[in-house]
Amino acid sequence: VRCQGLYGLPDNLESIYTGTFSAFGAINLAIALGFNPIYLLGFDYCLIDGRDHAFDDWGKPAGFVEHYLNRAKLEIESLAPLAAGAGINIINLSPKSALSCFDRGLLRDAL
């Protein structure tokens with residue numbers, strides 16, 4: 001699968017938009033594969049109990065993690081109106097997620 005660019009929605013599996021974070025590319029790949037609805041799990045984009053499960057061991061300066069999470073969150077949120085306009089239903093299953101742009105759901109209902 002080739003990179004079609006950074007931002008947009010794919011219309012086939014030949015190329016996808018990657019964004020600058022892997023989650024953006026993963027959602028684009030699911031769209032290109034024809035999945036609808038798409039369920040998100042682990043898309044927290046926030047600190048939980050003052051920590052982030054992905055970055056706690058990075059040893060980055062204060063504020064880095066929050067800045068990174070905010071940038072990634074904005075990128076994912078840019079997909080919401082594009083997906084809605086294309087009739088793609090993206091459902092966030094992460095109960096403590098900072099993303100508010102997608103419908104919320106429960107993991108047990110998705111299974």
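The values are calculated or read from the model by the stated rules, or taken from the named source; none is laboratory data. Note that this is a predicted model, so its numbers are computed, not measured. Neighbour counts run over all protein chains shown; Cβ positions are idealised from the backbone, glycine included. When the accessible area is computed, the model is the full protein with side chains, heavy atoms only, and any ligands, DNA or RNA have been set aside. Shrake-Rupley method; radii C 1.70, N 1.55, O 1.52, S 1.80 Å.
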Förster radius 22 Å - calculated FRET efficiency between Val1 and Phe21 (Cβ-Cβ, nearest 0.05) = 0.85
1.4 Å probe accessible area per residue over segment 66-110, in Å² = 55
